[in-house]
Amino acid sequence: MARNLKKAFSKRTTILSLILAAIMLIYSFSLMNYQIINAEKYSDEARGAYTRTTIIKASRGEILDRYGRQLAVNRNGYDIVFNSAYLDRSELNPLIEKLIKIMNEFGEEWNDDLPLTKTAPLSFTEDETAKKVLLRTLDVAHYATAEDCFKLLIERYSLQGMDAEKQRLLAGVRYTMEIANFSVANPYSFASDISEPLMQRICESAFMVEGVSVNTVPVREYVKGDLASNILGTVGSMNAEQWEKYKELGYSYSDKIGVTGIEAAYESELHGTDGEMTYTYDGDGNVIASEVTKQPIPGKTLILSLDKNLQLKTQEALSELITKLNSEGGTATGGAAVAMNLKTNEVLLAATYPYFDINDYFSKYNELASAKGSPLTNRAFAGVYPPGSSIKPIVGIAALETGALMPDECITCRQTYEYYADVGFAPKCMHRHGSINIITALSKSCNYYFFELGRRMGITTLNKYFSAFGLGEKTGVEVYESSGILDNAESGWFAGNTIQVAIGQHNAFTPIQICAATAAIANGGTRYKATLVNKILSYDLNETYYEVTPEVISTVDIDDDVLELIKSGMLSVTEDGTGSAVFKDYPIKIGGKTGTSQTDRGADHNVFVAFAPFDDPEIAVAVVIEHGASSYTSGSVMRAIMDAYFFNSEEDSQQNSINTPLK
């Protein structure tokens, strides 16, 4: 028994010794950690020192044309910034009051996202999302009134004892700071892109010493504000709903984001990655050191497929034509033109008229939104128009491919098409063309001929081929575009409607769709996805992240003999047909088709499509003039585009090494 007790005691002693040794080892390691490994850190903490990190703003990526010419770049601007690392919170309200006084002296605005009107009687603004954020921030019920919220804001920000106007001004700034998560890690931009005189006044003010600074920040600038404005789009401040999304992606509330166009479509590539500045404080809260601990990474550079000079000359041509037409008593309301590299469907130009200056987008939005001619509408991608006779090459392909028309067959144009005369429908051709083949029918744009082709095929076959060429479908371009209208003929369809479809009525397509369909004819039936982006490079242009590769959507099976007939007809259009007044004796052979489409009100639209050079096509173009009346009207714009593309001046052809010319 004694022996067993002794053995048990010895075992317990061993266990206790091991436990004691482990404890001593832990204490020894901790002592070494404090005294040697992290001695400096713990010494600072003992003195009350600590660190905080704030952000350094990254530049937004720039947007260039296909030859590296600037479209959207960055310039240095000035923001008034509150830095929590230095700011005495107890002095915040008096500081804001002084700043507002100076801002008013210079007639400049500051950031205020409080969704309450700024004058009595107070009410909520029309921004329902911002209102919900306010109610949630104040933790009040959905039926709370504007006055209820204002009383809570006064208490929340210690604004008692001030007059109501001052309370509203200060509450607006304090609330905006709060929803922006103002902290050491998130400096707050009180005002953005202020003028240089105001910047100098702020910097000279004695009260600016602690917590407020004027920071130099990158500001978006458009080299020519009215150039491709509907495509480039705009950059602006976030609203409450957008902030809910972007803060999860690491954005600051003061960050600008793409609102429309390419700026919005490529926000993730254009937005840079912010850097970090680390501040070290002493025990009294004074900054004793600062260090850049993470360098900001600017956004990527976007190389568009657009040719800046080609875009500019086309916009000028549209403007000159429509101004001239209307000065002579015309009623043209606008126009659009699209040109594409038909081997890739890169958009080389997409002009629309009237256009607007991007720099006026926010300051004059209401005026632009209600302006005559709707300049905010991108007619090139979102305008829909009956294609008129520009559809006839596709109708001809469909008839030849399906056997509805024999290659050498002639049809006699008697001017009045009487097939449906017994039901009171007898549409007319512009002329009595007599017996003609497909080439002459295209060249002279004989409606009678295509009435007959439409009747022979029927609407189902026509729609099949229209769809095959992408009409009535989005092209895939990166910014907003319409699908167009391809009539499905499901209800109330009269057989006579079909023959109207065959000459380009009833349906309505976008200029970019019409251009893409022309490109597919010229290249032998290949449909590519349309694109506005040629490359994505690093900010310094040294690294390539993306380079366009032609993406085939579908192919249309066109017999070589059929294609030769149709293209020959389109060549005849420009040499001795309806487009010869524009291109007769032009030094480069061009295939084309003119068109006039009737509208419910006002003068007819006119359309011109073309591709060139005829023997080895590079470029496809579509021009539409709203209510331009004559089918020849758009010819001057088409000529200007071809001249600019093939015979540009030495100055226009200057470029850097980003891309080589297509021609």
### Query
Applying 1/(1 + (r/R0)^6) with R0 = 35 Å to the Cβ-Cβ distance of GLU128 and LYS98, what FRET efficiency is obtained, to the nearest 0.05?
0.55
### Query
Using a ≥ b ≥ c from the Cα gyration tensor of segment 279-373 (square roots of the eigenvalues), is it rounded, prolate or oblate, where a/c under 1.5 gives rounded and otherwise the larger of a/b and b/c decides, a/b for prolate?
oblate
### Task
Determine, from the Cβ-Cβ distance of GLU221 and GLU155 and an R0 of 30 Å, the FRET efficiency 1/(1 + (r/R0)^6), rounded to the nearest 0.05.
0.10
### Task
Quick one: what are the phi-derived ³J(HN,Hα) couplings along segment 579-590, Karplus 6.51/-1.76/1.60 with θ = phi - 60°, whole Hz, x for glycine and proline?
x, 5, 4, 8, 10, 4, 6, 5, x, 10, 6, 10
### Query
Which value in nm describes the separation of the simple spin-label points at VAL292 and GLN70, placed 7 Å from the Cα toward the beta carbon?
2.2
### Task
With a ≥ b ≥ c taken as the square roots of the eigenvalues of the C-alpha gyration tensor of segment 314-469, please select rounded if a/c is under 1.5 and otherwise prolate if a/b is larger than b/c or oblate if it is not?
prolate
### Query
Accessible area per residue of the chain at 1.4 Å probe, in Å²?
47
### Query
Tilt of helix 392-402 relative to the longest C-alpha principal axis of the chain, in degrees (0 to 90, nearest 10)?
80
### Message
Rounded, prolate or oblate, given the Cα gyration tensor of segment 180-261, with a/c below 1.5 counting as rounded?
### Response
oblate
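Go ahead and run the numbers for FRET between GLU204 and GLN242, Cβ-Cβ distance against an R0 of 30 Å, rounding to 0.05.
On the way: r = 36 Å, r/R0 = 1.19.
Taking R0 as 30 Å, the efficiency between GLU204 and GLN242 is 0.25.
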### Neighbour net charge for ILE553 - beta-carbon separation under 13 angstrom, K R +1, D E -1
+1
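For every other residue with a beta carbon closer than 14 angstrom to the beta carbon of VAL384, add +1 if it is Lys or Arg and -1 if Asp or Glu, then tell me the sum.
Once positives and negatives cancel, what remains is -3.
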### With Cα atoms, 0 to 90° folded angle of helix 164-179 axis to the chain main axis
90
### Query
Cα extents of the chain along the three principal axes, largest first, in whole Å?
124, 83, 57
### Summary
For the chain, the percent of accessible surface on carbon and sulfur atoms (probe 1.4 angstrom, ligands and nucleic acids excluded) is 49
### Message
Amide H of ASP226 versus every other amide H placed in the peptide plane: which residues, excluding those fewer than 5 positions away on the same chain, fall under 5 Å?
### Response
ILE358
### Task
Compare TRP110, TRP493, TRP243 by solvent-accessible area with a 1.4 Å probe and give them largest first, with all protein chains kept in place.
TRP493, TRP110, TRP243
### Message
What is the angle, in °, between the Cα long axis of helix 511-522 and the longest principal axis of the Cα atoms in the chain? Nearest 10 is fine, range 0 to 90.
### Response
60
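The values are calculated or read from the model by the stated rules, or taken from the named source; none is laboratory data. The model shown is predicted, which means the values in this text are computed figures rather than measured ones. Every residue, glycine among them, receives a Cβ derived from its backbone with ideal geometry; neighbour counts consider all protein chains shown. Please note that ligands, DNA and RNA were not included when accessible areas were found on the heavy atoms of the full protein model with its side chains. Shrake-Rupley method; radii C 1.70, N 1.55, O 1.52, S 1.80 Å.
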